[in-house]
Structure formats: structure tokens, C-alpha cells
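I have placed the structure first, in the form of C-alpha cells, so that the comments after it can refer back to it.
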Amino acid sequence: MSKVLRRAKHALSVKQYQSLLNQYAATQSIAKTKALHCHVITGGIISNHILSTLSVTYALCGHITYARKLFEEMPQSSLLSYNIVIRMYVRDGLYQDAINMFIRMVSEGTQCCPDGYTYPFVAKAAGEMKSIKLGLVIHGRVLRSLFGTDKYVQNSLLAMYMNFGRIEMARKVFDVMMNRDVISWNTMISGYCRNGYMNDALMMFDWMVNESVDLDHATVVSMLPVCGHLKDLEMGRNVHKLVEEKRLGDKIEVKNALVNMYLKCGRMDEARFVFDRIEHRDVITWTCMINGYIEGRDVKNALELCRLMQFEGVRPNAVTIASLVAACGDALELNDGKCLHGWVIRQQVYSDIIVETSLISMYAKCKRIDFCFKVFSGASKNHTGPWSAIIAGCVHNELVRDALDLFRRMRLEDVEPNIATLNSLLPAYAALADFRQAMNIHCYLTKTGFMSSLDAVTGLVHVYSKCGNLESAHKIFDGIQKSKDVVLWGALISGYGMHGDGHNALLVFMEMVKSGVTPNEIIFTSALNACSHSGLVEEGLRLFRFMLEHYKTVAQSNHYTCIVDLLGRAGQLDEAYNLITTIPFEPTSTVWGALLAACVTHENVQLGEMAANKLFELEPENTGNYVLLANIYAALGRWKDMEKLRKKMEDIGLRKQPGHSTIEIGSNSS
């Protein structure tokens, strides 16, 4: 308790109370505010003015309950008390309470009108609630008030419309602003960036520089991610120069943004140059650089940086560890993954959801499903992430029935699946190729509303295709009202292709091209494969020429393999070989393998030997190539050549792998 209160035998004057409360509000001293509140009550001096000041003080100290209670007890609230309480609600994320207080304020009419302090907070609340209707009402009241040209109010409207994703409305507000400041420009740049309009953000930044507006730290932090997303290295370097010229690099956020920009632009050397010259790196700096190495598939340097990070006294957070664990899984580095797992247990970050999920995924990719289940047994079962990871792990390790059982358990435990769960699960149904099970998951997706997701629909098309029910697959495809992406088109094309229906595969392909969707490498592979398996030689060649003429950058080794296979199946082996000689890059083993397989079918020993010799160079340890050439010799009765080939295999230590079969009894394989 303050000395003033200890000395006071009687009630203080209103002016003294006011002075003390202002002091306690400035220092956010909740204990002293409570003590003074008690003194007010025992002294019997509870005026409307003191109640209002007490409510404001509690609000500024962050004590919502007392601030709200005192505010409700006031017979008439002041503009200041309304503004402070609204600010308190917005600061604590209670946006609906802030709006309710604003509505109550407005309902009092002219007694308490919102001002330039009120509108920025209620606009922020509306923006966070994503309530466009409410935002338009607030904007309308602003225009009718005296604060329509207030730059702070206008800046808050810019931020509100950007939160809604209504960039055109934000731009209208920006264009009528007479007194733009750096916050106005920053809000537009960051808003464009958040909503994916990177070129507009770039244009706004250029305009800002041309207008000679002084940049600040926030400008740079908003602009550098734009350069990284666009991979505009030149612009990124220009922003870096501005940082140096205007001495804006004193904040760690700016340095982190520079490191991230160079990494996004693929310049690890420049990112490391900036990183090495940062005196006081935080966990974000280290994590950003570690992720850069991970994206470059340099797991060893990423792990080394993590060790150096701890040596310098910076503790990795859950994001750092999850990224490293995921990288170990992708690189199949089981031992490093185990070391990270041990560190997680020792440092007690084991219970973090993203760490649990990444550990399960890592062990699954490394084929240690037993460790997956051990991690899962101790994981948080009320979150979706670990369930999705263990289901995906089972599918990856071909334990599809276990994946389905886990999904049933998940639903029994009232854990709601998300689209990531279903993306993990649907391949299990496809692998089963069970029409009844396909209909079950179809019903579930329909009832739960997941059929509105293109990812779920694509997975379901694939499931029905694997079941051989192309009619259902096409019916689902036709039922999609929104724009279909290239992956969904590809699922239907490959479905027809896998069942040898090349005619329908080509029809869907042409429909896709007419709809304006650009085919990618996978689409062309699926369509060409469909032609090959259907014996559509002319159609396949026509499609290949169409690809080379209109999408030359797409042509890859697998497309040439498809055409060699197409010509080979049709017995046009010379044409297939001639095509190989025109490939603009070194033909791969799959190309020569397709030619060798065709030579076996048509007993063409001359081209077969040529293809086999190429394969012996490319894949010296692949016994299958020797066996295929031996089959040609055997078919033609060239036993001496066959014996020479067998001896050659023995000389280099190759043995033919024995064949094996798998049968399923009940739900067990043996």
C-alpha cells in the first residue's frame, strides 16, 4: 500500500484518488489499485467519476473481471471508459465483447459518440472476426462521422479490409486518403502479401519509394517475403541495400527476413553471409537457416547448425526439432532421427503435437513401424495430428487394414479427422480395391461435408478407379461444380489408363485442355500410358507430337519411355530405336528397358543386344536385364550365346533372384 493511503485516516479528495489511479494505471500496479479500491469503499466516496476511473485503471492493468463489473455498475459511462474497455477486450482477443460494448455505446445516442480512438479498435475487432457485414457498418458510421478523413481511422479500415481479403475495398480507402503515412503503405504491402497478391505488393513498394516515403522496419519485414515468394533476387538485393543505407538492420526481425528471402531465392551463400554477421541470433534466425539446409537436402549441415545453436546458448523450439526430424525421415537417416528423439525426451518437449507427429512420420519413412506405435502410444490422442501421422505411416508400410482400424478407433474416441487425415487414409482404400469399402468411405465423406474438398474428391476418384468402377469415378468427377485442378483431371485420366481404356482417357485429356487447365508431366505420362496399353499407336504419336509442339519444356524421359513402349508393343522396333536416337538428353535405363522388353516379345536379337549392352553400362548389377537378353537367345535357340551370358553373370558375381508369391488368408499374408 502507498504511503499516501497509510497516512490517510479519512477519505481522500477526488483529485487525490484521480492522481493515484493515474499513477497505478501507468505502472499497471493491480495490487495498489485494489488497495485504493478498498479505501474508496470504506471511505464511502463512490462517485460515478471515481467508478469510471477505477474501471479504466483495472482495464489498463489487464484485470477484465473487475473492469467489467465496475463498468456495469456505473449509471452513466464516459467516452474514456468506453474506449478503454473496448481496447481491453480487443487486446485480450475478446472481439465479440468489444463489438457488444461498441453497440451499447452507440445506442446511448449523442450522450457518448465514438471518436477517433474508438473506431480503430472496433475495426480491428471486426477484421479479426472476419465479419464483412459488420465491417461495412463500421465504415459507414466512420463516413458519417467527423473522422472519415482521420488517417489513424483510415489505416484501421485498410487493415480491416485486408483481413477480410477484400483488397479492392482496401485500395479504395487507400486511394482517397489525403494524409498517408508509412503505416498506410506498410498495411497495403503486408495485406497484398498475406492475400497472395505479390505483384501488387511489389508495385505498391515501388510507388512508395517513388513518393519518397521514409521506409521503416515494418516496410522491410513486409517486403522481403514478397521478394522471396516471387524469387525476385534483384529486388531482394535492392531492399537489402536500402536496409544498409537507412540503417534499418538493427532489429533481429529485419535480419531474419533477409536470411529467409535469400533462402527462398535459392542463394544459400548470401543467406549464410547475412546469418554469420548477426551478433545476437534468436531461435527464429537459427530455425530459418536450418530449414534452408533442409530444403537443400543437406541434413548433415542442418544437424550441425542445431548443435552450434545449442553451444551458443539458444534452445531449439518445437518447430526447429520437428523440421529436423522430418528431414531425417525424408533422408532415411534413422540414427540421426533417434538422436533427436532422445534429445526431445531429455529436454521434455516430447508432448508437443508437431514433435510427436514428426517423430511418427520419420519412423514410418524409415520402415520402423514398431517405433511409430511406441511414439503414438504416448502421444496426445485428443489431437488430429498424431492420428493422421500413424495412419499415413501404416499406409506407407502397406499395413492398410491397420490404417482402417486406426481410423475407426479415432472416430470412436471422438477425434475429428481433417483433410490431412483423409489424404493419408484414402490410399489405403485404393490399395484394398474393395468396392464395398469404397462406398463406405464415400458415404462418410458425403455426410461429413468433405466432398467439398478437391483433395478428398481426387482421392475418391482414385479409389473407385482402383476398384475398377470407372462409372462411379466419372460420376463423382462430373459432380464437382467448382474449378477442377490438374490433379483431379489426372486421377480420372490415369484411372482409364490403368484399365486400358485409352479412348476415354484421351477424351478426358482433350476436355481438360479445352477447359483451360495446363497439362503437366504426370498428365502426359498417364495419357501416353493409356494409349500404349490400349494399342492406340497413331493417337499416342499424335499426342506426343502435340506435347512437343505446345509443351516442349514438359517432355521428360518417362514420356519417351511411353512412346518406345507404345511402338514396341506394336512391333515397330526400328521406329522405337530411331526415336531414342533423337532424344535431346542421354536416354535413361527405363527407355532402354522398354526397348529391350519389346525385343523379347518380338524376338529381335540385334536391337535387343544393343539395348541390353546399354543397360549393362547403366545398371551393371541389375540381373533382370541379363535374364531378358537370355530369353531372346533361348527363344531363337542360340544356346551358346545364352551360356556365354550366364558365364558373364557368374564372372561379375551376379545371381538371378528367385521368384516368390504372396497369398492372403483372412487378413494375414503369408
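The values are calculated or read from the model by the stated rules, or taken from the named source; none is laboratory data. Since this is a predicted model, take the numbers as computed values, not measurements. We place every Cβ from the backbone using ideal geometry, glycine too, and count neighbours over all the protein chains shown.
Here are a few things to note about the model shown:
- Checked against (1) within 21 Å of HIS442 (Cβ to Cβ); (2) buried (at least 22 other Cβ atoms within 10 Å of the Cβ), PRO427 passes all but a single condition, namely (2).
- Taking every residue in the stretch 615-635 that is under 12 Å from VAL600 (Cα atoms) and pairing it with any residue that is of a type in the set (Phe, Trp, Tyr) and not in a loop (DSSP other than H, G, I, E, B), at least 6 positions away or on another chain, the pairs with Cβ-Cβ distances below 7 Å are ASN625/PHE616.
- When VAL142 is tested against (1) modelled with pLDDT of 95 or more; (2) over 31 Å from the mean Cα position of the chain (by Cα), exactly one condition is not met: (1).
- Residue within the stretch 494-504 that is surrounded by 16 or more Cβ atoms within 10 Å (Cβ to Cβ), among the charged types (D, E, K, R), part of a helix (DSSP H, G or I) and more than 33 Å from the chain's Cα centre (by Cα) present: no
- Inter-residue pairs, beta-carbon under 6 Å, first within 8 Å of GLY502 (Cα to Cα) and in the stretch 525-545, second of a type in the set (Val, Ile, Thr) and buried (at least 21 other Cβ atoms within 10 Å of the Cβ), 6+ apart: ALA527/ILE493
- Restricting the stretch 333-360 to residues that are β-branched (Val, Ile, Thr) and not in a loop (DSSP other than H, G, I, E, B), the residue that is nearest to SER377 (Cα to Cα): ILE360
- Qualifying positions in the stretch 459-493 - assigned to a helix (DSSP H, G or I) and basic (Lys, Arg): LYS466, LYS475
- So LYS367, is it in contact (Cβ under 8 Å) with a residue 12 or more places away in the chain and farther than 25 Å from LEU412 by Cα: yes
- Search result, residues across the stretch 509-533 that are in a helix (DSSP H, G or I) and surrounded by fewer than 22 Cβ atoms within 10 Å (Cβ to Cβ): MET510, GLU511, MET512, VAL513, LYS514, GLU521, ILE522, THR525, HIS533
- Listed by first and then second residue, the pairs linking a residue in the stretch 391-418 that is touching a residue at least 40 places away in the same chain (Cβ under 8 Å) and over 23 Å from MET362 (Cβ atoms) to a residue that is surrounded by 19 or more Cβ atoms within 10 Å (Cβ to Cβ) and not hydroxyl-bearing (Ser, Thr, Tyr), with Cβ atoms under 6 Å apart and 6 or more places separating them unless they lie on different chains, form an empty list.
- Among the numbered conditions (1) over 49 Å from the mean Cα position of the chain (by Cα); (2) surrounded by 12 or more Cβ atoms within 10 Å (Cβ to Cβ); (3) at pLDDT 85 or above, the only one that GLY637 does not meet is (2).
- Flag if SER380 is in contact with a Pro (Cβ under 9 Å, 6 or more places away or on another chain) and either under 20 Å from LEU426 (Cβ atoms) or surrounded by fewer than 17 Cβ atoms within 10 Å (Cβ to Cβ) (or both): yes
- Test: residue in the stretch 357-374 that is surrounded by fewer than 20 Cβ atoms within 10 Å (Cβ to Cβ), hydroxyl-bearing (Ser, Thr, Tyr) and either under 23 Å from the mean Cα position of the chain (by Cα) or modelled with pLDDT under 95 (or both): no
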